[in-house]
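> Mind having a look at this structure? Questions to follow.
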Amino acid sequence: MEGYLNDLSHVFIGMVLILVMMALGYFIFSKLTKFNDYAEIQKGNEAAGIYMGGKLLGLAIIVGMVSYSTDAWVDMIIWSVVGIVALCLVYIIFDFLTPALHVCEEIEKGNKSVAQLLRSIIVGVSLVIGTFLM
């Protein structure tokens, strides 16, 4: 019975840490965009939802892969933060390399094609980053 309680406590701690990392990621990601992600999503802007969902999915991939490969909570937190930073850099680099695209403006206008492209890039990069961190 003691083993089950110990396992259950580890699941609970892991869930709390994952939620904290996701909230931190959401906060940081939303600061990178030149529009209010939350307001756009509330207005029904599907492109903003796709884009934010892609960022959070990418972060979840990284956190999941890190969680799978380590038993240490501190390592999970550190590598999750590294994942957040990496995803932020991907956005900044993509925005820099495509100056004619005006990523934030396109997403704010509801351009789902740009959001889908960014989501694919973020998920792909997350899989690579997660693999490196395992």
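Each value in this text was obtained by applying a stated rule to the coordinates, not by laboratory testing. Predicted model only: the values in this text are computed from it and were never measured. Glycine gets a Cβ as well: all are built from the backbone with ideal geometry, and neighbour counts include every protein chain shown.
> When we measure straight from the Cα of residue 55, which aspartates and glutamates land under 17 angstrom away, once same-chain ones fewer than 8 places off are left out?
The reachable aspartates and glutamates, counting only those whose Cα sits under 17 Å from residue 55, are 37, 40, 46, 95, 106, 108.
> Once you charge only the Cβ atoms, +1 for Lys and Arg and -1 for Asp and Glu, what is the size of the charge dipole of the chain about its Cα centre, to the nearest 20 debye? Don't skip to the end; give the middle numbers.
Numbers: 7 positive and 11 negative charges, 77 e Å.
Approximately 380 debye in magnitude.
> With label points built 7 Å along Cα→Cβ from the Cα atoms of residue 17 and residue 36, find their separation and express it in nm.
Result: 3.5 nm between the two label points.
> Here is a follow-up. What are the extents of the Cα atoms of the chain along their three principal axes, in Å, largest first?
Here the Cα extents, ordered largest to smallest, are 58, 31, 20 Å.
> Once the Cα atoms of helix 73-97 and of the chain are each reduced to a long axis, what angle between those two axes, in degrees from 0 to 90 to the nearest 10, is obtained?
The angle comes out at about 10 degrees.
> Can you compute the radius of gyration and Dmax for the range 64-127, using only the Cα atoms, both in Å?
Cα radius of gyration and Dmax of the range 64-127 are 14.6, 44 Å respectively.
> Next question, about the same structure. Using only Cα atoms, tell me the angle between helix 112-133 and the longest principal axis of the chain; keep it within 0 to 90° and round to the nearest 10.
Here the helix axis deviates by roughly 30 degrees.
> Tell me, in nm to one decimal, what length is gained between residue 74 and residue 8 on full extension, where the rule is 0.36 nm per residue of separation less the Cα-Cα distance? Mind showing how you got there, number by number?
Values: separation 66, 0.36 × 66 = 23.76 nm, distance 1.86 nm.
Working it through step by step, the gained length comes to 21.9 nm.
> Around residue 49, what is the net charge, scoring Lys/Arg as +1 and Asp/Glu as -1 over all other residues with Cβ under 12 Å from its Cβ? Don't skip to the answer; put the middle values down first.
On the way: positive: 43, 55, 112, 119; negative: 37, 40, 46.
Around residue 49, the surrounding residues sum to +1.
> Helix 46-69 versus the longest principal axis of the chain: what is the Cα-based angle in degrees, 0 to 90, to the nearest 10?
The two axes meet at around 30 degrees.
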